[in-house]
Amino acid sequence: MALLDVNDLALRRGERLVVDGVSLALERGAALVLRGPNGAGKTTILRALAGFIRPAAGAIMWDGRRIEADADAHRARLGFLGHAHGIKPALSLRENLAFAAACADGASAPLDAAIARWGLARAADLPARA
C-alpha cells in the first residue's frame, strides 16, 4: 500500500477550479516534484496534501486514512513550508526554532541536538539574516 495515495483530486480557489483529475501514489521514502507555470496549482496541491484545504472532489489518503477525516492529526505529523517562510530575521536560529517548536506543539524541543545534527552550532545564536 502507498503511503500517499491521491485519487482524482479536484481543488478550487474560490469558485475557480484550479486542479482537476490529479492521481498519484507515493511509497514511503519516495519524492514528489511538481512542475508547472505560475498559477498551475502546484502550491494548491501541496496545501491539500498537507491538509490545509479540503478537496472539491477526490480523495487524499495518508497511510490508508483519508486526511480530511482528521486533518488536525494529519497536520500534527508533518511539516509544511510554503513560499512565505516564517523566519524572523531579527531572531537567532535558536530563537526561530524555539518559536516554531512552540507553535507546533506548545512545548520546547531538544533544539541543541537538532542544531548540532545539521552542523549549525556556530550560527545558532546569530541573527537569521546573517
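Computed from the coordinates by the stated procedures, all read-outs in this text should not be read as laboratory data. All values derive from a computational prediction rather than experimental measurement. Cβ sites come from the backbone with ideal geometry, for glycine too, and all protein chains shown count toward neighbours.
A few points about this structure:
- Segments 30-40, 50-60, 113-123 sorted - mean Cβ within 10 Å per residue, highest first: 50-60, 113-123, 30-40
- Overall form of region 35-104 per C-alpha gyration tensor (a/c, 1.5; a/b vs b/c): oblate
- Point-charge dipole on Cβ atoms (K/R +1, D/E -1) for the chain, about Cα centre, debye to 20: 380
- Projecting the Cα atoms of ALA50, ALA123, GLY21 onto the dipole axis of the chain, where Lys and Arg carry +1 and Asp and Glu carry -1 at the beta carbon, places ALA123 farthest toward the positive end.
- Every helix of 4 or more DSSP H residues in the chain counts as -39500 (n - 2.57), and over all residues that averages to -7000 deg cm²/dmol at 222 nm.
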